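Below is one structure, written out as structure tokens; comments come after it.
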């Protein structure tokens with residue numbers, strides 16, 4: 001009789017002990033799933049950041065091209081002459097465009113505003129050291145070349161060196 005009274009209590013203790021926590025395997029599976037999701041989200045986040053910087057670059061090149069067209073409209077001599085330079089506010093063509101009031105601010109590359117290219121050849125094999133600023137070159141007053149670097153392939157261009165050549 002004494003056993004019959006405590007029998008449900010003993011069964012309850014056994015069932016509580018067997019389901020009191022997670023096994024080591026269950027914890028490892030959950031931790032590995034969380035780790036995988038974290039790594040995947042970091043990779044996707046970096047890709048999105050690269051694409052955003054490329055979108056800024058393409059927009060900046062379009063802005064610079066429009067400002068050069070406006071400069072040409074107002075100029076008697078043609079496009080600003082340059083043996084090749086990074087566009088910047090403080091000197092050169094960037095300062096000339098700002099002084100002519102065709103640009104309010106001279107756009108610069110989001111990551112490499114002052115890094116000169118070692119070479120500017122479209123479609124060339126690109127090493128990380130070739131990432132560079134918005135590079136302007138104009139040997140003649142009726143044409144110019146703007147070169148820039150994209151980090152990833154997109155509708156706007158392929159990863160690596162891209163150039164816009166405009167002839168009047």
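Candidates in the range 71-86 are the residues that are in contact with a helix residue (DSSP H, G or I) (Cβ under 6 Å, 6 or more places away or on another chain) and part of a strand (DSSP E or B); of these, the one that is farthest from residue 106 (Cα to Cα) is 82. Go through the residues of the range 23-38 one by one and say whether even a single one is more than 30 Å from residue 94 (Cβ to Cβ) and not in a helix (DSSP H, G or I). Yes.
Quick one: is residue 94 at pLDDT below 95, surrounded by 14 or more Cβ atoms within 10 Å (Cβ to Cβ) and touching a strand residue (DSSP E or B) at 6+ places or on another chain (Cβ under 7 Å)?
It is false that residue 94 is at pLDDT below 95, surrounded by 14 or more Cβ atoms within 10 Å (Cβ to Cβ) and touching a strand residue (DSSP E or B) at 6+ places or on another chain (Cβ under 7 Å).
Checked against (1) part of a strand (DSSP E or B); (2) surrounded by 11 or more Cβ atoms within 10 Å (Cβ to Cβ), residue 89 passes all but a single condition, namely (1). Note on the range 124-151: among residues that are modelled with pLDDT under 90 and under 23 Å from residue 59 (Cβ atoms), the one that is surrounded by the fewest Cβ atoms within 10 Å (Cβ to Cβ) is 126.
The values are calculated or read from the model by the stated rules, or taken from the named source; none is laboratory data. Computed from a prediction, not measured in an experiment: that's the story for all the values here. We place every Cβ from the backbone using ideal geometry, glycine too, and count neighbours over all the protein chains shown.
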